[in-house]
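Step one of this worksheet: look at the structure below.
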Amino acid sequence: MKILNNPGRRVVLGIPYSWLLLSSLVPFFIVLKISLSESVLSWTGSSLLMKIDIGNYLFIFGDALYAAAYLNSVKYAFLTMCCCLVLAYPAAYFMARARAELRPVLLMMVMLPFWTSFLLRIYAWKGMLANHGVLNNMLLWLGVIDEPLRMMNTQFSLMVGMVYTYLPFMILPLFANLSKLDLRFIEAAADLGATPWTAFWRVTVPLSKSGIIAGCMLVFVPCIGEFVIPDLLGGPETLMIGHVLWDEFFTNNDWAMASAVTVFLMLLILVPMVIYNRSQNEAKVRA
């Protein structure tokens with residue numbers, strides 16, 4: 001409250017937040033206007049009439065292609081989030097418990113992929129998972145398989161690319177949270193007779209809840225609208241909404257339909273987040 005009552009601090013906080021709000025709302029309303037491009041605003045006598053064309057939105061609900069694309073996007077985003085959480089939590093826990101002089105090295109290893117172009121890294125996976133790629137050639141040389149495995153353009157290749165790309169976004173918030181964890185809580189649990197596993201599950205995990213939520217949001221939200229990875233590593237059975245948007249904008253040249261798909265996608269992401277935040281605030285008030 002003291003920060004908000006200070007005029008200088010209100011200005012310092014207000015400028016970046018105003019810019020973020022402006023840069024989010026203006027593009028959203030532009031896209032919303034395009035999606036309602038057939039709407040008409042007219043005068044009738046002394047009345048102002050506005051006819052809103054929601055045909056594009058009705059078409060989304062009536063076409064199985066869009067429903068399948070949305071469901072696939074949510075499914076693969078959720079699976080990616082779960083895989084990243086399972087892989088990232090032990091890594092972040094080990095980093096947080098490592099010696100102080102070793103932590104910067106481990107953190108650098110997590111951030112090292114960002115030093116290379118995102119597209120180059122995805123194309124590298126494409127070369128590794130191809131029928132005559134690095135992985136298949138290695139398995140053939142070792143005699144593990146007799147013929148190349150089909151790994152490209154499958155759900156497997158899509159999940160590998162998604163998990164590889166978004167894993168650091170799960171590790172970093174978890175590491176930031178676990179490194180601040182007060183170890184006295186774990187010592188108190190051990191003094192009360194808790195086993196290491198019980199102390200981890202009933203003390204460490206609940207106290208790292210904010211890091212888990214932050215990591216899940218950082219992975220889940222961008223995964224829903226992902227385009228590059230499904231396009232390069234996925235196949236026809238891994239159709240996601242990002243590819244549908246690309247087709248509507250640049251293949252079909254139907255900007256109104258593409259904008260409607262975009263607005264619906266944003267609502268699909270924002271509504272659960274708003275509901276979750278409201279439930280969290282109500283829980284804090286009750287507590």
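The values are calculated or read from the model by the stated rules, or taken from the named source; none is laboratory data. Because the structure is a prediction, the values reported are computed rather than measured. Cβ atoms come from the backbone with ideal geometry, glycine included; neighbour counts cover every protein chain shown.
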Among the candidates 122, 224, 212, residue that is under 22 Å from residue 88 (Cβ atoms), of a type in the set (Val, Ile, Thr) and touching a Leu at 6+ places or on another chain (Cβ under 6 Å): 122
Cβ-Cβ under 6 Å pairs, at least 6 apart or on other chains, the stretch 133-157 side touching a residue at least 60 places away in the same chain (Cβ under 8 Å), far side of a type outside the set (Val, Ile, Thr) and part of a loop (DSSP other than H, G, I, E, B): 152/130; 153/235; 154/235; 157/151
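Quick grid of which residues meet (1) surrounded by fewer than 17 Cβ atoms within 10 Å (Cβ to Cβ); (2) under 28 Å from residue 276 (Cα atoms); (3) touching a strand residue (DSSP E or B) at 6+ places or on another chain (Cβ under 7 Å):
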residue: 178; (1), (2), (3): no, yes, no
residue: 183; (1), (2), (3): yes, no, no
residue: 192; (1), (2), (3): yes, no, no
residue: 195; (1), (2), (3): yes, no, no
residue: 199; (1), (2), (3): no, yes, no
residue: 203; (1), (2), (3): no, yes, no
residue: 209; (1), (2), (3): yes, yes, no
residue: 213; (1), (2), (3): yes, yes, no
Members of the stretch 246-269 that are exposed (fewer than 12 other Cβ atoms within 10 Å of the Cβ) and closer than 24 Å to residue 213 by Cβ: 267
Qualifying positions in the stretch 163-176 - buried (at least 19 other Cβ atoms within 10 Å of the Cβ) and either in contact with a strand residue (DSSP E or B) (Cβ under 7 Å, 6 or more places away or on another chain) or aliphatic (A, V, I, L, M) (or both): 163, 167, 170, 171, 172, 174
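Residues checked against (1) within 30 Å of residue 130 (Cβ to Cβ); (2) of a type in the set (Ser, Thr, Tyr); (3) surrounded by fewer than 19 Cβ atoms within 10 Å (Cβ to Cβ); (4) modelled with pLDDT under 90:
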site	(1), (2), (3), (4)
146	yes, no, yes, yes
155	yes, no, yes, no
161	yes, no, no, no
186	no, no, yes, yes
217	no, no, yes, yes
231	yes, no, yes, yes
244	yes, no, no, yes
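Okay, residues lined up against (1) surrounded by 12 or more Cβ atoms within 10 Å (Cβ to Cβ); (2) modelled with pLDDT of 80 or more:
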{"residue": "4", "(1), (2)": "no, no"}
{"residue": "9", "(1), (2)": "yes, no"}
{"residue": "38", "(1), (2)": "yes, no"}
{"residue": "45", "(1), (2)": "no, no"}
{"residue": "52", "(1), (2)": "no, no"}
{"residue": "60", "(1), (2)": "yes, yes"}
{"residue": "65", "(1), (2)": "no, yes"}
{"residue": "73", "(1), (2)": "yes, yes"}
{"residue": "77", "(1), (2)": "yes, yes"}
Members of the stretch 82-125 found to be among the basic types (Lys, Arg) and over 25 Å from residue 229 (Cβ atoms), listed by number: 97, 99, 103
